[in-house]
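Quick notes on the structure that follows.
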Amino acid sequence: MTDQVEPSAPAAPKLEPDFVPEVEKPWLQTWRMFAKNRAALFGLVLLSVIVGMAVLGPTLYPADPYDIVWAPQSPPGTEGFILGTDYLGRDLLAGIIYGSRATLIVGAAAALITIVIGILVGALAGYYRGWVEELLMRITEFFQVLPPLLLAMVLVLLFSPTLVTISIAIGVVSWTATARLARAEFLRIRELEYVKGARSIGARNSRIIWLVILPNAAPPLIVSAAFAVGIAILFEAGLSFLELNDPNIMSWGYMIGSNRPYVLESWWAVTFPGIAIFLTVLAVSLIGDGLNDALNPRLRQR
Amino acid sequence: MNTPSPILSVADLAVEFDMRDGVARVIDDLSFDLMPGETLGIVGESGCGKSMTALSIMRLVPMPPGRIAGGEIRLDGENLVAASDVRIREIRGNEISMIFQEPMTSLNPVYTVGDQIAETVRLHEGLSKRDARDRAIEMLRAVAIPAPEARVEEYPHQLSGGMRQRVMIAMALTCRPRVLIADEPTTALDVTVQAQIFDLLRDLKEQTQTAIILITHDMGVIAEMAQRVVVMYAGRKVEDAPVDELLLNPKHPYSQGLIACVPHLQAVPTVERPPLMEIPGVVPSVSELGRGGCPFAPRCAQAMDRCRQQMPPPSTVAPGHQVACWLIDETRAA
């Protein structure tokens, strides 16, 4: 009845020779893919420069961005003020340097809030299905149909504008896309064999959600986190433009907003903060794009 | 049955699924016993409820839409159908474990194989990281993976299909379960690798005395591995017999068909071969189940009027040999 003619082989045949291929940790492989992407590397360098400026800038260039230091609307280069002064005579370079702090802090914090809420909602909805999913996705839809900038403005106005409230407001209005993405990933992965396998060795739900499915859902979520940083930076700039910024901390958006009426007399006062915002968002997006390529399993196959 | 009491006993198991147009009984009236140290084969075509039986024993039937609608599954006397979720988690991986069909997708790609094997013991025996790792290496050695100290640090994608299935077996056996369910463990593998895996399973079974439920559609595999066979069709048991008895003297037309449709290698290749038979038709879809009458009747060459009206009850034709078919009555009457 067997498929074999001869009696079954006497001993288990030798497997492959004792050759063990070199182990490459997944993160190393990701880095290799990332480093191949020149644009992404450029983004990384650019972002490093901006972060360096935020961290070290105030020590290297100790000037208060709110101090009136020279004649208003002096063009770039006047009396050693490399970027000139604004409509009140404040040093623009100091503004750019200090402004990078608000931008980066709000960008990172808001993106973190976005990702945390998004993953929490998406993971629970996608894993448990049923009424949990129904409820959470209706809430998601509710937030999706609210105009985000308007909602963020209302939130910031209700609680006085500080870095914390601004970050929370931005996070609260922009988590829906991440939640949908996380849910989709969880819906896909929960049906895979190794999730069944984890259940079959006696793992509990919390373990399966956070330690089995989430690490496998991470690549697209990391990419979405990178883009969330860019969006949050733009949001922060938009709110500050409307003077909904922390009045104690200089911000690029505020610089553009406050100098807007004088744009014809002193173009530089709005242009340089604008360039700063542009470059930061560009850097973050390039990194996000690079991560997308590096983490995409289909592109990673050798 | 015999004197020793079964380690696992399934009685009158029924599993239902909610479908768009009503309830489908995907498993009905299923009863079988698994003796300690025995290998029981469950055969049938795709969609016969073999895998669902395995999932029911592990209490892994997706619910909703599925549910265990009736019957008992007793592990050493303890009814798993009524057990609490906490108890079930203790049993899974520890007393009953399972090997899945697809070694390519049943390992988690983001953890090393060592971590995954260690996971099982850490969950059930609360070993320290270091001890669990040592156990993982020991298990990798037990499943004959070369250089286990190095392999333990590897990720699933670095291993071949056969190696991955070995890792799965290592995972399933780390806690020395009393029952191992192997759901088509070699379907996705090359024939040569398949033979290796079965050799391994047989060796390990001898060492650990684990009882195995082997789910397959391959009669050749059954002949080599199993002591007893349950043939399933459309969620029901149609025949249950010792392996030799079933292969030499199958009573149910479906069992006969399953055996006749396997090509055999012959010692002298030029000898005229018996024609390869096929079973016409396909397994009924779940929504067609439970219409009364024998579910196999539409495909059965020997079907009688009675077959289309009444479900044949299981009857014993020889010691330990049960068949659910009206033909048995006919031959008896004759």
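Most simply put, the range B:150-300 has about 55% antiparallel DSSP beta bridges, counting only bridges with both residues inside it. Among the lysines of the protein assembly as shown, pairs at least eight places apart or on separate chains and with Cα atoms under 23 Å apart come to 8.
Just so you know, the averaged projected area of the alpha carbon convex hull for the range B:67-226 sits at 10.1 nm².
Rg and Dmax of the range A:33-300, both derived from C-alpha coordinates alone, stand at 21.6, 74 Å. Suppose we keep just the DSSP beta bridges with both residues in the protein assembly as shown; what percent of those would be antiparallel, to 5? Antiparallel bridges make up about 65 percent of those DSSP assigns within the protein assembly as shown. Thinking of chain B as a set of Cα atoms, what percent of all their pairs are more than 34 Å apart? Beyond 34 Å sits 28 percent of the P(r) for chain B. Here the Karplus relation 6.51 cos²θ - 1.76 cosθ + 1.60, evaluated at θ = phi - 60°, turns the backbone of the range A:51-56 into coupling constants of 5, x, 5, 5, 7, 9 Hz, with x for every Gly and Pro. Counts of other chain beta carbons within 10 angstrom of each beta carbon in peptide B:219-225 average 3. Taking the 1.4 Å solvent-accessible surface of chain B as the whole, the part contributed by carbon and sulfur is 52%.
Hydrodynamic estimate: the Kirkwood radius of the protein assembly as shown over Cα pairs, inserted into Stokes-Einstein at 4 °C and 1.567 mPa s, corresponds to D of 44 µm²/s. Here the Debye sum runs over all C-alpha atoms of the range A:232-302 as equal scatterers in vacuum, and log10 of I(q)/I(0) at q = 0.18, 0.24, 0.26 Å⁻¹ comes out as -0.71, -1.00, -1.09. Only helical runs count toward this figure. For chain B, summing -39,500 (n - 2.57) over DSSP H runs of n ≥ 4 and dividing by all residues gives -9500 deg cm²/dmol at 222 nm. Accessible surface ranking for B:Val262, B:Val230, 1.4 angstrom probe, highest first: B:Val262, B:Val230. In chain A, the calculated helix contribution to ellipticity at 222 nm averages -22000 deg cm²/dmol per residue, counting -39,500 (n - 2.57) for every DSSP H run with n ≥ 4. When peptides B:46-54, B:312-320, A:278-286 are ranked by their average number of other Cβ atoms within 10 Å per residue, the highest-first order is B:46-54, A:278-286, B:312-320. Taking the C-alpha atoms only, the angle from helix A:163-174 to the longest principal axis of chain A is near 50 degrees. Other protein chain C-beta atoms within 10 Å of residue C-beta, averaged over B:193-201: 3. Note on B:99-111: average number of Cβ atoms from other chains within 10 Å of each residue's Cβ is 5. Here the range A:141-298 yields Rg over Rh of 1.11, to two decimals, using C-alpha coordinates and the Kirkwood radius. Between 0 and 90 degrees, the angle of helix A:268-295 with respect to the longest Cα principal axis of chain A falls at about 0 degrees. Per the accessible-area calculation with a 1.4 Å probe, the total area buried between chain B and chain A rounds to 3600 Å². Rolling a 1.4 Å probe over the protein heavy atoms gives chain A an accessible area of 50 Å² per residue. Rg and Dmax over the alpha-carbon atoms of the range A:70-210 stand at 22.7, 74 Å.
Take chain B with all the other protein chains still there, run a 1.4 Å probe, and you get 43 Å² of accessible area per residue.
Computed in the context of the full set of protein chains, the accessible area of the range A:33-300 at 1.4 Å probe radius has 71% of its extent on carbon or sulfur.
The values are calculated or read from the model by the stated rules, or taken from the named source; none is laboratory data. In this text, all values refer to a predicted model and were calculated from it rather than measured experimentally. Neighbour counts run over all protein chains shown; Cβ positions are idealised from the backbone, glycine included. When the accessible area is computed, the model is the full protein with side chains, heavy atoms only, and any ligands, DNA or RNA have been set aside. Shrake-Rupley method; radii C 1.70, N 1.55, O 1.52, S 1.80 Å.
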